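In what follows, a structure is listed as structure tokens, so that the remarks can point back to it.
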Amino acid sequence: MEKLSKTQSGIAGEYLVAGKLTLDGFHSAITLRNNEEADILATNSNTGKFIKVQVKTSQNKSRWPLSKKHEISVPNLFFVFLNIKSFDEQMYYIISSAKLAELIKAGHEKWLKTPNKKGEKHNDTDMREFSDPENDYLNRWDLLNE
């Protein structure tokens, strides 16, 4: 599979996640491109639970850049971090906004306390990052129904 442009990758990610949600019993709708909070709005057809989903897509990368604004928890918001490895292989990491906010805040605080390569203090930045080296959130579609 050829490397997709950032736009193509993002669009593919949203449709892949919407498809997975549909298979999991949700009615899902992809929002317009200018919606900052959610890429997908979904309601579980069995429970009536409403969720918002933000999709972050990468190709063959297991780290996703975020910003300081993601340290703020938003009710009913979930993030799906999608790694498109190939046409037939994708890895989905599902996490609530609350848990993500907690993890990236703690990760940033740890980074600030860790000296840089020169042994000096890191300068604060608005950049944050999500990764899941232990695969704690890999294929955790069940979290959407809690």
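Listed values, structure above:
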| item | result |
| --- | --- |
| Complete set of residues in the stretch 15-45 that are polar (S, T, N, Q) and modelled with pLDDT of 90 or more | T22, S28, T31, T43, N44 |
| Candidates L112, L66, L77, filtered to the one that is in contact (Cβ under 8 Å) with a residue 12 or more places away in the chain and farther than 27 Å from L21 by Cβ | L112 |
| Residue list for the stretch 16-49, restricted to those being under 14 Å from the mean Cα position of the chain (by Cα) and either part of a helix (DSSP H, G or I) or of a type outside the set (A, V, I, L, M) (or both) | L16, V17, A18, E36, E37, D39 |
| Candidates S96, S62 - the one that is at pLDDT below 95 and under 20 Å from G10 (Cα atoms) | S62 |
| Within the stretch 68-88, tally of residues that are in a strand (DSSP E or B) and within 12 Å of the chain's Cα centre (by Cα) | 7 |
| Subset of the stretch 17-59 [among the hydrophobic types (A, V, I, L, M, F, W, C) and either buried (at least 16 other Cβ atoms within 10 Å of the Cβ) or under 24 Å from S131 (Cα atoms) (or both)] | V17, A18, L21, F26, I30, A38, I40, L41, A42, I51, V53, V55 |
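The values are calculated or read from the model by the stated rules, or taken from the named source; none is laboratory data. Please read these numbers as outputs of a predicted model, since none were measured by experiment. Neighbour counts are summed over all protein chains in view; Cβ atoms, including those assigned to glycine, are modelled from backbone coordinates with ideal geometry.
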